[in-house]
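Here is the structure we will look at.
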Amino acid sequence: MKRFLPLALIALSATANPMLPYRADYQVWRGDSELGEGYYQLETLGNQQFKLSYQSDVGWLFLSDTRTETSSLRFSGEQVLPSIYRMERTGSGPDFTAEIRFLPKQPIHSRYKGDKVTIEPSAAQFDPLSYQLQLRLDVAQGETEMLYPIVYKNQAREYRYKVVGEERLSLPFGELDTIKVARDRGENSKRETYLWLARDHNFVLARLIQYKEGDVQAELKLEKLTWLAPPSQTPPAPHP
């Protein structure tokens with residue numbers, strides 16, 4: 001069940017804290033088929049240092065794909081500042097790794113599938129994982145249009161997102177009030193990406209869906225959410 005509200009009615013929580021450490025577990029689907037599982041985890045390392053991780057393990061027919069990503073980062077002035085990003089992919093087909101290193105006012109060093117490049121620091125600020133945390137922070141602050149310069153596959157790219165409304169979702173985790181965000185890929189793109197952030201749970205990703213030419217390619221559904229912080233800092237439980 002989904003309940004839509006006009007964008008003008010959205011009122012964001014003033015007490016949201018997207019930097020609160022957590023682990024969120026997801027079911028991974030493609031249409032009516034459950035393909036596997038995945039999780040996001042944000043850990044605090046002290047002194048405003050954090051580690052954001054993502055892992056997925058999926059299989060379809062005779063194919064398998066396991067991916068692990070980590071981003072070591074610092075949080076300062078509402079800004080996510082990544083330092084090292086690493087990714088490893090195993091499964092059917094060739095395995096490969098990637099790494100991105102950020103240093104203040106120095107070229108960004110990127111390696112993808114064995115190829116290495118350097119990128120000017122003015123061209124990118126985020127890796128493929130850390131910008132997702134910045135997006136949660138920005139939506140929690142009331143931003144409605146966002147632009148993220150990132151490094152992806154050894155190239156500097158720009159990812160654009162916009163808030164498009166609010167929905168109440170029924171997920172394996174329970175009932176959640178969410179903010180719906182769309183990636184702006186341009187008018188001629190054959191791909192669409194939408195994500196939903198749980199407004200009463202520090203804007204954790206509740207659902208993500210990707211389309212190609214109108215067909216669902218992948219979908220994440222929140223199944224379990226664990227706060228890695230004292231109970232006094234954690235949001236309320238979901239509606240049953």
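The values are calculated or read from the model by the stated rules, or taken from the named source; none is laboratory data. This one's a predicted model, so the numbers in the text were calculated from it and none came from an experiment. FYI the Cβ positions are ideal-geometry reconstructions off the backbone, even for glycines, and counts take in every protein chain you see.
For ILE84, state whether it is farther than 22 Å from ARG183 by Cβ and either in a loop (DSSP other than H, G, I, E, B) or modelled with pLDDT of 95 or more (or both).
Yes; evaluated as a whole, the condition is true for this residue.
Please name all residue pairs, on different chains or six or more residues apart, with Cβ atoms under 6 Å, provided the first residue is in the stretch 203-227 and is on the phi > 0 side of the Ramachandran plot and the second residue is among the basic types (Lys, Arg) and at pLDDT 95 or above.
Within 6 Å, the pairs are PHE203/ARG136.
Which residues, counting only those in the stretch 103-128, are of a type in the set (D, E, K, R), closer than 15 Å to TYR152 by Cβ and in a loop (DSSP other than H, G, I, E, B)?
LYS113, ASP127
Looking only at residues that are aliphatic (A, V, I, L, M) and at pLDDT below 95 in the stretch 116-165, which one is farthest from GLU78 (Cα to Cα)? Outline the logic, then answer.
Taking the stretch 116-165 as the starting set, the residues that turn out to be aliphatic (A, V, I, L, M) are 117, 119, 123-124, 129, 133, 135, 137, 139-140, 146-147, 150-151, 156, 163-164.
Imposing the further condition that a residue be at pLDDT below 95 reduces the set to 123-124.
Working: ALA123: 20, ALA124: 17 Å.
This residue is ALA123.
Filter the stretch 7-35 down to the residues that are modelled with pLDDT of 95 or more, within 20 Å of VAL216 (Cα to Cα) and not aromatic (Phe, Trp, Tyr), then identify the one that is surrounded by the most Cβ atoms within 10 Å (Cβ to Cβ).
VAL28
State yes or no: is GLU99 at pLDDT 95 or above, over 29 Å from LEU171 (Cβ atoms), among the acidic types (Asp, Glu) and assigned to a strand (DSSP E or B)? Break it down stepwise before answering.
Working: at pLDDT 95 or above: yes; over 29 Å from LEU171 (Cβ atoms): yes; among the acidic types (Asp, Glu): yes; assigned to a strand (DSSP E or B): yes.
Judged against the criteria, GLU99 is a match.
Given ARG136, ARG74, which one is part of a strand (DSSP E or B), within 21 Å of the chain's Cα centre (by Cα), among the basic types (Lys, Arg) and closer than 30 Å to LYS162 by Cβ?
Numbers: ARG136 fails: part of a strand (DSSP E or B).
One residue alone meets the criteria, ARG74.
Looking at the stretch 197-220, can you tell me whether even one residue there is modelled with pLDDT under 95 and aliphatic (A, V, I, L, M)?
Yes; the residues of the stretch 197-220 include at least one that is modelled with pLDDT under 95 and aliphatic (A, V, I, L, M).
Looking only at the stretch 44-58, filter to residues that are exposed (fewer than 15 other Cβ atoms within 10 Å of the Cβ) and assigned to a strand (DSSP E or B); which one of those is modelled with the lowest pLDDT? Let's see the steps before the verdict.
Initially, the stretch 44-58 is screened for residues exposed (fewer than 15 other Cβ atoms within 10 Å of the Cβ), giving 45-49.
Then drop every residue that is not assigned to a strand (DSSP E or B), which leaves 45-46, 49.
Values: LEU45: 93, GLY46: 89, GLN49: 94.
This residue is GLY46.
Considering only the stretch 203-215, state which residues are farther than 20 Å from GLU34 by Cβ and within 13 Å of the chain's Cα centre (by Cα). Step through it out loud before you land on a result.
Within the stretch 203-215, the subset farther than 20 Å from GLU34 by Cβ is 203-204, 213-214.
Within the stretch 203-215, PHE203, VAL204 meet the criteria.
Give just the number: which of (1) within 18 Å of the chain's Cα centre (by Cα); (2) loosely packed, with under 13 Cβ neighbours inside 10 Å; (3) more than 24 Å from ARG23 (Cα to Cα); (4) not hydroxyl-bearing (Ser, Thr, Tyr) does GLN79 not satisfy?
Failed condition: (3).
Taking GLY186 as meeting all but one of (1) over 23 Å from PHE75 (Cβ atoms); (2) small (Gly, Ala, Ser); (3) touching a residue at least 12 places away in the same chain (Cβ under 8 Å), write down the number of the exception.
Every condition holds for GLY186 apart from (3).
Of all the residues that make up the stretch 59-73, how many are exposed (fewer than 15 other Cβ atoms within 10 Å of the Cβ) and of a type in the set (Lys, Arg)?
0
Determine the pairs where a residue that is touching a residue at least 24 places away in the same chain (Cβ under 8 Å), located within the stretch 140-154, has a partner that is of a type in the set (Gly, Ala, Ser) and assigned to a loop (DSSP other than H, G, I, E, B) with Cβ atoms under 6 Å apart, the partner being 6 or more residues away or on another chain.
Listed pairs, sorted by first residue: ALA140/ALA16; PRO149/ALA124; ILE150/ALA124; VAL151/ALA124.
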